[in-house]
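Below: one structure, written as structure tokens.
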Amino acid sequence: MKMKDVKLTLRAWRLLFKVAPLYMTVVIASTFFNAASPYVTIYFSARLLDALYSFQSDLIVKEMVIFIAMEAVIKLLCFIFLRLRDYQDETIYYRIQKIYSDKMMALDYEDVDDQNISALYSDIIENQRVSGYGLLVACSTFEDLFKALFAIGIGIVLSVSLFTKKVVDPSFAFLDHPYMIVLITASMFTVAMLVSYFANKIQAYWADYAKNGISTFGNRYFMFFMNFANAKTAPDIRLYGQDRVLGPVFEQESAAFGPHSPVAKASKGILGFYTVASIFMSSLLSIIIYIYVALKTYAKAFAIGSMTRYIGAITKIFLGLSDLISVLGELKANAPFLEVVYTFLDIPSKKYQGSLTTEKRQDSDYEVEFKNVSFKYPNTDVYVLKNINIRFKVGSKLAIVGKNGSGKTTFIKLLCRLYDPSEGQILLNGIDIKKYRYDEYMDIFSIVFQDYRLFSFSLKENVAVNKKIDEKKVIDSLCKAGFDLDKMKDGIDTYLYKDIDEDGVMVSGGEAQKIAIARALYKDAPFVILDEPTAALDPISESEIYEHLNELIEDKTAVFISHRLSSCKFCDEIAVFDDGKIKEFGTHGELLKNGGLYKTMWDAQADYYR
Ligand code: ADP
């Protein structure tokens, strides 16, 4: 085991202590009492046995009471802490998952979008699925390590007198020779090392199986086919009899877990040998220990009751030693998986480096300026925005129009820092937006994207996106967005979709869009950005939204992307995007007068609206 592996493991334990401090403490207490419990039995039963041999009834009664009382106390402590530990144990998996989901949330959006990072994350999850490699194993080894250390420690304390007590019968004096201690300890070490060596070999075989992607692939394959029960894929699987494919694959030599798989063959061969050899050597060691202790008892070094105690203690030391060695082996095997975990957790988040506060202003006196902004998506060569210069005034309404793919949504993504510009700067009140605290900066935007998502929670949770919900404001926002609340059987408590509540409502595209708009209104941020929010609305709802647009947005700054130019008429300024550039800029009247791209688009749509 290398220093690097130790460091990796210590970091995992520190991390776990941070997310679950009580878990670690309870685990230590629980393993201590559990390790001590058999010794309490061994120690006091030995005393009782000696008392029985003394045939003094007073002593027998006294030892019996002590034995029962000590048993009761230690077992009670064991169960109390075991119960506490189990309670903590139930949640540790979720706490580890939360480490990952928190990291996911903290990642820059462009990283979430990155294939390599998704692959890294799914590696971590797949490794975890194979015997919990990664943080879960780090967690279980923490417990195993303490178990082993306590077993060894208490065992040593209890067996010191086995070697110090001298035999009475001189013909057995050789049993007291210091070489005997060396012999017993050396054979214990040797067998423990060998047993663990074999156990580690088995462990390493499985780790390799996971690392080489064989079992990962096998698991994925099976997970995929487990989808028989998935309503979405079941029709196709049934119609085409895809289950027939699984059988032959399972039988193939290359299948990860089938009867002809490499692991099945290894189990019959070398892995099987390791197991048998371990059992054989442990039994041999037990025989040696039994003979030694029995001879010392026979030679009257101690009373017969102590025999059980010494055999018990020595056996526990031996088991503790082999556990210790296998824990170390497990830590070593787990280290490469922890490295993958840290590679993910250590991805820097550029977005969170800013520290300026955006100072929520009552007057919403914000001004945003794009200065020579150009942008290409990560890992692409094409500029989708080219030298954009635009400034929007407080309280103004800006419409962005243009053909599909002209860069409108990208412009919004840069504005709300899902991506940073490749060149140029975006300024908020004259300061580069990168310098602001990311979370505070995000607070000043209410955005409805074209591909917004609602969640299978209640309507009010979808709108408020918060634990504290102002129900009146939820209803108000839904009304402003034109949502018909009367149709919801439980009002704002109605669940959306069927994932969580089977009585949930499957809202239509138009209704969903209104809920998304209500969510943006509820947030009450100074900037309201609507990216084609009306695409799924019927013409009546659409015109309702447009008519109320001023009322909806009140004195906020609005950026409004739309295909339907009739909605842009109401805006103070209109930017016409074409091929990543702002081709035209001005009011509806000015742009019509100019007779450019806007006029062409307007004329084309005017026919449609007439
Ligand atoms: P619009 O909103 O005007 O329809 P977009 O801003 O969505 O246009 O897209 C502008 C260009 O950027 C398009 O050519 C599109 O293919 C490209 N694009 C959009 N998203 C990505 C992405 N995540 N990665 C690479 N290219 C993208």
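Once the dipole of the chain is set up with Lys and Arg at +1 and Asp and Glu at -1 on Cβ about the Cα centre, which of Q115, I96, T185 lies farthest towards its positive end?
Toward the positive end, the furthest listed residue is T185.
Restricted to Cα positions, what overall size does segment 71-222 have along the principal axes? Three whole-Å values, descending.
Largest to smallest, the principal-axis extents are 81, 39, 29 Å.
So what does the Cα-only Debye profile of segment 82-154 read at q = 0.13, 0.18, 0.28 Å⁻¹, as log10 I(q)/I(0), no solvent term?
After summing over all Cα pairs, the log10 values are -0.53, -0.82, -1.26.
DSSP H helices in the chain with Cα extent of 15 Å or more along the helix axis and mean Kyte-Doolittle hydropathy at least -0.5?
Span-like helices here: 3-19, 21-54, 57-106, 135-164, 178-211, 214-225, 270-298, 305-345, 509-523.
With all pairs of different alpha carbon atoms counted, what Kirkwood hydrodynamic radius in Å does segment 1-69 show?
Computed over Cα pairs of segment 1-69, the Kirkwood hydrodynamic radius comes out at 15.4 Å.
So with the 1.4 Å probe, I'd like the accessible area per residue for the chain, rounded to whole Å².
52 Å²
What's the longest bit of the chain with no exposed GluC sites (Glu not before Pro), using DSSP loop states and at most 14 other Cβ atoms within 10 Å as the test? Could the numbers behind the result be given before it?
Numbers: sites that count: E253, E359, E367, E502, E554.
The answer is 1-252.
Within the accessible area of segment 111-181, what % is carbon and sulfur when the probe is 1.4 Å and the other protein chains stay in place?
On segment 111-181, the fraction of accessible area on carbon and sulfur atoms equals 66 percent.
Cα to Cα, under 28 Å, and not fewer than 8 places away if on the same chain: which lysines meet these conditions relative to K265?
Candidates past the 8-residue exclusion: K201, K211, K332.
Ignoring ligands, DNA and RNA, what percent of the accessible area of segment 353-455 is carbon or sulfur (1.4 Å)?
Carbon plus sulfur share of accessible area: 45 percent.
Cβ under 10 Å from Y522's Cβ, Y522 left aside: what net charge do those residues give with Lys, Arg +1 and Asp, Glu -1?
+2
I'd like the distance between the alpha-carbon centres of segment 148-219 and segment 301-346, rounded to an integer number of Å.
9 Å
Just how far, in whole angstrom, is segment 254-284 from segment 1-36 if you go by their alpha carbon centroids?
One Cα centre to the other: 31 Å.
Percent of Cα-Cα pairs per 10 Å bin, from 0 to the last occupied bin, for the chain, please list those.
For the chain, the pair-distance distribution reads 3, 11, 16, 17, 15, 12, 9, 7, 5, 3, 1, 0, 0.
Compute the separation of the alpha-carbon centres of segment 430-460 and segment 37-104 and state it in Å as a whole number.
Here the two parts' Cα centres lie 53 Å apart.
Could you list log10 I(q)/I(0) for segment 310-383 at q = 0.17, 0.21 Å⁻¹, which the Debye formula gives when each Cα is one point scatterer?
-0.97, -1.06
Rounded to the nearest 500 deg cm²/dmol, what is the calculated helix-only ellipticity per residue at 222 nm for the chain, with -39500 (n - 2.57) per DSSP H run of length n ≥ 4? Each step should come with its number before you reach the end.
Working: 22 runs with 368 residues, N = 610.
Theoretical 222 nm ellipticity from helices: -20000 deg cm²/dmol.
Compute, for the chain, the length of the dipole vector about the Cα centre, with Cβ point charges of +1 (Lys, Arg) and -1 (Asp, Glu) only. Units Debye, rounded to 20. Please list the in-between numbers first.
Values: 69 positive and 73 negative charges, 472 e Å.
Taking the Cα centre of the chain as origin, the dipole is about 2260 debye.
Measure up K98/K268; K232/K351; K351/K599; K523/K583; K75/K300; K103/K468 against 31 Å on the Cα-Cα distance and list the ones that go over. Show your work: numbers first, answer last.
On the way: K98/K268 40 Å; K232/K351 38 Å; K351/K599 40 Å; K523/K583 33 Å; K75/K300 33 Å; K103/K468 24 Å.
Over 31 Å Cα-Cα: K98/K268; K232/K351; K351/K599; K523/K583; K75/K300.
The values are calculated or read from the model by the stated rules, or taken from the named source; none is laboratory data. Owing to the predicted nature of the structure, the values given are computational and were not obtained by experimental measurement. Reconstructed Cβ throughout: ideal geometry from the backbone, glycine too, with neighbour counts over all protein chains shown. We work out accessible area using only protein heavy atoms, side chains counted, and drop any ligands, DNA or RNA first. Shrake-Rupley method; radii C 1.70, N 1.55, O 1.52, S 1.80 Å.
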